[in-house]
Every structure is written in C-alpha cells, then in structure tokens.
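J.: There's a structure below that I have some questions on.
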2 protein chains.
Amino acid sequence: MIKHGGYDGEKQGQVIDFSVNINPLGLPEKLIERIRESFFNIVSYPEVNGSRARGVIARHLAFDYPELSKENIILGNGATELIYLFARALRPKKTLIIQPTFTEYERALRLLGSEIVYFQLSAANNFQIDEEKLLFKLKETKADLLVFCNPNNPTAVFTGYQRLEKVFAYLKKISANIFIDESFIDFTDQQSSASFLDKYPIFILKSMTKVYAIAGLRLGYALASSDLIARLNVFKEPWTVNSIALDIVEMLLKDKDYIARSKKYLRQEKAFMKAKLSTIKGLDVFDSSANFFLLSLKNQKASVLEEKLLMKDIYIRSCEDFPGLDDSYFRVAVKKHQENVHLIQSLKSIVK
Amino acid sequence: MIKHGGYDGEKQGQVIDFSVNINPLGLPEKLIERIRESFFNIVSYPEVNGSRARGVIARHLAFDYPELSKENIILGNGATELIYLFARALRPKKTLIIQPTFTEYERALRLLGSEIVYFQLSAANNFQIDEEKLLFKLKETKADLLVFCNPNNPTAVFTGYQRLEKVFAYLKKISANIFIDESFIDFTDQQSSASFLDKYPIFILKSMTKVYAIAGLRLGYALASSDLIARLNVFKEPWTVNSIALDIVEMLLKDKDYIARSKKYLRQEKAFMKAKLSTIKGLDVFDSSANFFLLSLKNQKASVLEEKLLMKDIYIRSCEDFPGLDDSYFRVAVKKHQENVHLIQSLKSIVK
C-alpha cells in the first residue's frame, strides 16, 4: 500500500492534520447552501458523462482560453481517477517522472506495464528543474511520456512553462506525451499550461477538491486536445462523478471571491510561517509556491518528530517514501492561523 | 457509447422516468437527517480504502454469514467501478456472458482483451437458464469466466443457486471464476449466493444505490474470497468512494424497516401492475423477480412506443441494444402507484 497523507489513527477528531493540503478556509459558504438545496437529487443517477458540467467548465475557461470547448474536457472522480485513466488509455512504454513527486503517477503507470525512469531534483538546487539536463535525460532515456506536478507536491516549487518550451517542442517532435498535474495551481497566481494546449501534446490535470476544500466529494477534471480526450473516453467508466459533485461545479467556479480570499490568506500566512519557521535552528524551510511547505531537519529524523508532534495533537507528513527525499524531510499544509502558531511553537520546543 | 437508462432530454424535470430501476420509496428519511449532520465531513479525504465501512458491512452480514470478514469485502464507487476493477484484476481469456443482460460487463471485459461468448436465453423459455445447456456451453467454449446477473437485468428473472451448483462445481474444477451481479437481489426475498463463497470461486457484486435510492451518491461493494479481494486490491485506486457514501453505510444497513416497507410495496404494486398490464392486447408481460418488468410488443416497435409515451411525459427503456432482444422489447421500473397508473393508462391508449 502506498503511503498517503491524512491522519487515520486513534486520536481522530482531536489531531490538527497538517499532512493534507486542503484549503484552510474550509467549505465555501455558498456551497453549503447549494448542497442543502440540491442533495435530494442523489436519488437519480448522475449524468453518465457529465456533459453539462463539462459545458460549465468550458464556459468558465473561455475567458482565458476561448478556443477550449467541452470536447477538450474530461471529468474525474477526483483527479486520481484521471491519473489511472490516462495510464490505461495511453499505455506509454517508458515514462520519465520528475522526482520527488506524488506517488500515484508511478503506481498507475507501473500497473499498465510502463517502464519508469526518474529525473531527480535535488535539495542543493532547491528542487528547481534544470531544463537542459531534463532535455538531455529525455533524449538519453527515449521516454515517450514526461510526467510532472506543477506546483510540485511535496516540494512546493512552481516551474514557469516558458522555460520548458524547448522540452515540450522536443517531446512533440518525437510524438511523446506530457502529463502535467496542476492540482495546486489555483492556490497561486501562476499561469496554467492551458495556453499551450494547441501547441504541444499536453494533458493537464486539475483538482477541484483541494482549492474548494471538498476532498470528501471527489471532483477533478483534465484538459487536452479533443483527440486525446477521445482516446481517454474509450476507457472511461460511466457515472464515476457523483451527482452532488456535478451539481456544484458551476457554483464553485463562479465563486471568485472565495478564491481571492484564499489566495490573499495564503500569501499573508505563508509569509508569517516562513519567517517564523526560518528562525528555528535545526530546520531548513524551502520556499513555497503552493499551500504547503517542505522542510528538512538537520539533526533529527522526521519519523521521530512525527511521533513527538502527535503527542501535541499535531500530524505532519514525513517524506521518507518520496524518491530522492529521506527521513530528514517533512511536509506541512498551511492551516488556520492559530493552528499554524501551535505548529510553530511545538516545532520550536522539539527541533534542536 | 453504450446506451443506458435515464432520461436526459429537453423535458427533464417533467418526465416520469421508468427507464431507471431505483427504489420508488425514495430516500430513506433517516438518511436525509444523517446527511444533514455529516456533510461538513466532505472537507476531509474519504478513508483511502474504506476500512471502517467494510467493517460495518462485515458485521451486518455476520448475522447470515458468520465466516465473512472485511477481508472478503471491497467497496466501489457504485457497483460499476467493481465491474471494471474485476476485469482488470482477473483478465480472463474467454468470458461466457448469459444474455440478454446489463451491457457494462461486456464492455469492461472487452477493454481488457477478453474474448466474449454468449449463452443466449430465449423468450420462448421465459428467459430461464437451462443449467444442463449452460454446462455444455461452458465445456464447449472452454470459457475461464462465467458472468451473469441475478435477478437479471432486463429480464427480471431470478435463478435459484441450488440449480447452478453443478455449473459452479465444474468451473471450480477447471479453475475458472464466476461473476454474479446481485444488484437487484435486495428488492426480493431470494437467497444470495454468499453462502457459497467458501465453496466456489464466486465474486458477488452488490449495489446499494438502487435499493436505497441513492444512485447519485454511488455506492456498491463486492464479496469474494480474501485471495480474490487481495488480487483486486493490487489494482484498486485510492479514495474512489466519497465520504458521504462511506458515512451512511451503517445507517442504511441498519434501516431494516425501509427495506421491509420497500419489499412490501413492491409485492403489492407488482401484482397490481402485472394484472393490469396483462389485460392490454398487443403486450406480453414477463414475470418479475425484481423491481422492474420486461415487456414485449406484438405488433409495434418499442422505439415508436417510446416516442409516443414521451409525448405523455413517460420515458421507458427500449431494449433493442440487448443481445438477444430486439425492437419489440422494453423495460419499465415499478414506480409510485399514481405514476404506474399513468403508465398503464397510456399504454392502453397506444398499444394495439
């Protein structure tokens, strides 16, 4: 079994869970009303392929990407369904994954028999992508799929797409594909890769569960060329997205105020946390372009820290299972201010 | 795209939909309260493999099947997820499907490259299974998987498992598997095949969405040997069942009064419908051991009837796409009494 964030032990309900990267503002208020109104709809089957919700997303994206239509969109029971569906539909022979990153890509692709190779980022380089080295690695390995997450989980590093155009152009030339997980991009002001959709063979994964704090409902989508979406639809299972999730898509996408407040809160709170965490000796804090921080311990093990923090009702994500990280690394989400203060104080008292 | 029940046209909200086989009693009242209380939980990820809910199901089943544990149970995002997961995990070479039946089994298995052969039931024999002929067909085709639905959709015929023991014993002997979809069995008083779990290599699919009228929420599970469940878990995707569905499992299984009322209603209403429908000349009504009826037209096409009924705000499921049926067949769910009366009167005025 793959390790995931999410506290699931005996202190449930009591622990402050910094291991999952959910919007700390909680459910949008409008959503609560909307679900109250619409949950009687669960008697009926959800629309089999979510055609209406795809139309809603297409109209929402049309402000920035007028060439997109619902034929460029596929819905998922969370972004996770689409990782596995992509693997099944494309069956790449050899995949290059930029590591360390979310572990489900590798599992999904291995299940379909893809050979997996890594392009390893390093702490010494602040987990930045060196695009020349990446291009060299792609040519060397002859991978027919490149997979990465942007901003990346767990490093919280965002890579601007302009820097990657040479890489994308090469992959297009050799008829390879590019899988980009943008699950955390809506927490930032960064530009999506969607403007490259008609230029390069990219598949862009979008999560709505993290930014709208609806992880339990499962809702994601992906953008790609209509040809690629059609290939996925050959394998798509019916009724995967539940009717509550389908019903709320429009309301969520229209709630621009919630996103604006979320971004503003994160900007302030991240500055506060970075400043405070940086004063703790024995701790390295990496810059964050997401709603979480990657940290490393100089003289301690994260697994030991995890146990000690749990005694203070705090749960963190130790990162020893991420390729290229080890037991000195851990990840924490940005949560409510008082929760973050409690984390910082607890770290101060434990970390040497 | 495979054809499915469920009206999705311009008259939505106005049409009485007889094409989907959902419990006509609607949402259990206790469920409505329970969801109101628990829906704030959607902020958090659902338990990754639904361990608690599997424990609840195991305890519920323990009354009838004390040897079952949660290692014999796998949860699904609706029963549909488990059809596809089963196909991926088992990859049978050759599958014998008892037809006519639900079309997703064939799609799921074809996607994995299984050769598909049919054991065809016939109207002349009231779509009953002749177990000797079935055994002969299995030996002749050397299929390594038998797939059937019981009670069967769309024929509404239930086959007692004692009659199939010789077939099951043969399939065990040749190390083949048996896939049984019992999605509609909880509408009946029939015995499940679960008592044969330790004797034969069966995989039993259970839907909770139909009998509890929560099609929009997606919730199903399956029972099998712990070995077979472990094989499925190799391919199981994380977080597929949303947290609302997980939260309500216990409440639903404990609501025995709802099931008792549902069965009582169906018994009475089916007797009423059978009697009334049988008086319509030009119409054959098959016996029903489920919550729906299969009917056939003597002198008309079901597709034409479908159009005419839609003008009266009634939607039926014409069955021309089921292997072995043709455009004279259609299926209707048992719905609320006044809705059923409206259907019967409309059929009387149209069918010749």
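The values are calculated or read from the model by the stated rules, or taken from the named source; none is laboratory data. For clarity, every value in this text was computed on a predicted model and none was experimentally measured. Backbone-built Cβ (ideal geometry, glycine too); neighbour counts: all protein chains shown. Just so you know, the surface numbers come from the protein's heavy atoms only, side chains and all, with ligands and any DNA or RNA stripped out. Shrake-Rupley method; radii C 1.70, N 1.55, O 1.52, S 1.80 Å.
J.: Rounded to the nearest angstrom and ordered from largest down, what semi-axes does the equivalent ellipsoid of chain A get from its C-alpha gyration tensor (root of 5λ)?
T.: 32, 27, 18
J.: Here is a follow-up. From the backbone phi of segment A:219-227, what are the Karplus-calculated ³J(HN,Hα) couplings (6.51 cos²θ - 1.76 cosθ + 1.60, θ = phi - 60°) in whole Hz, Gly and Pro given as x?
T.: Calculated HN-Hα couplings, in order: 7, x, 8, 9, 10, 6, 4, 4, 4 Hz.
J.: Then there's this: Using θ = phi - 60° and the Karplus curve 6.51 cos²θ - 1.76 cosθ + 1.60, what whole-Hz ³J(HN,Hα) does each residue of segment B:253-266 get, with Gly and Pro shown as x?
T.: Result, ordered by residue: 5, 7, 7, 5, 5, 4, 5, 4, 5, 4, 5, 4, 4, 5 Hz.
J.: OK, next. Taking amide H positions as placed 1.01 Å from N in the peptide plane, with prolines and chain starts having none, which residues 5 or more places from B:Tyr329, or on another chain, fall under 5 Å of its amide H?
T.: B:Leu297, B:Ala302, B:Cys319
J.: Let me ask another. List the distances, in nm to one decimal, from the label point of A:Asp8 to the label points of the same position in every other copy, shortest first, placing each label point 7 Å from Cα along the Cα-to-Cβ direction.
T.: Distances between equivalent label points, in nm: 3.3.
J.: If you don't mind, another one. Can you tell me the accessible area per residue over the protein assembly as shown, all protein chains present, probe 1.4 angstrom, in square angstrom?
T.: The answer is 40 Å² per residue.
J.: Checking the a/c ratio against 1.5 first, then a/b against b/c, what shape does the Cα gyration tensor give for segment A:55-134?
T.: It comes out oblate by the Cα gyration axes.
J.: Can you run phi through the Karplus equation (6.51, -1.76, 1.60; θ = phi - 60°) for segment A:50-60 and list ³J(HN,Hα) in whole Hz, with x for Gly and Pro?
T.: x, 4, 5, 5, 5, x, 4, 5, 4, 5, 5
J.: For segment A:97-200, place one equal point scatterer on every Cα, skip the solvent, and apply the Debye formula. What is log10 of I(q)/I(0) at q = 0.10, 0.11, 0.14, 0.25 Å⁻¹?
T.: Here log10 of I(q) over I(0) equals -0.26, -0.32, -0.53, -1.71.
J.: What area, in nm² and to one decimal, does the C-alpha convex hull of segment A:1-77 cast on average over all directions?
T.: Averaged projected hull area, Cα only: 8.9 nm².
J.: Can you list residues from other chains, or at least 5 along the same chain, whose modelled amide H is less than 5 Å from the amide H of A:Ile116?
T.: Excluding prolines and chain starts, which carry no amide H, the hits are A:Thr95.
J.: Here is a follow-up. Quick one: which residues, 5 or more positions from B:Ile16 or on another chain, have an amide H under 5 Å from its amide H? H modelled 1.01 Å from N in the peptide plane, none for Pro or chain starts.
T.: Those lying under 5 Å, H to H, from B:Ile16 are B:Ile314, B:Tyr315.
J.: Quick one: Cα centre-to-centre distance for segment B:311-352 and segment B:10-37, in angstrom?
T.: Going from one Cα centre to the other spans 19 Å.
J.: So what are the three principal axis dimensions of segment A:202-258 from its Cα atoms, in whole Å, longest to shortest?
T.: Here the Cα extents, ordered largest to smallest, are 35, 24, 17 Å.
J.: In Å², nearest 100, what accessible area do chains A and B bury in total when the solvent probe is 1.4 Å?
T.: Approximately 4200 Å², summed over both chains.
J.: So which chymotrypsin sites (Phe, Trp or Tyr not before Pro) in segment A:1-107 end up in coil per DSSP with only 13 or fewer other C-beta atoms within 10 Å?
T.: The qualifying sites are A:Phe63.
J.: Distances from A:Arg91 to the same position in the other copies: list them in nm, one decimal, shortest first, using label points 7 Å from Cα along Cα→Cβ.
T.: List, nearest first: 1.0 nm.
J.: Now for a separate question. List the trypsin sites (Lys or Arg not before Pro) within segment A:186-295 that fall in a DSSP loop (any state other than H, G, I, E or B) and whose Cβ has at most 10 other Cβ atoms within 10 Å.
T.: Hits after loop and neighbour filter: A:Lys281.
J.: Here is a further query. Any chance you could check segment A:196-232 for residues losing 30 Å² or more of accessible area when the partner protein chains are in, compared with the chain on its own (1.4 Å probe)?
T.: Residues of segment A:196-232 that lose at least 30 Å² of accessible area once the other chains are added: A:Ala215, A:Gly216, A:Leu217, A:Arg218.
J.: Here is a further query. Along Cα-to-Cβ, 7 Å out, sits the label point; list in nm, shortest first, how far the one on B:Asp130 is from those in the other copies.
T.: B:Asp130 label point versus its equivalents elsewhere: 7.5 nm.
J.: Test of the criteria: in segment A:118-166, which trypsin sites (Lys or Arg not before Pro) are in a DSSP loop and have at most 14 other Cβ atoms within 10 angstrom of their Cβ?
T.: A:Lys142
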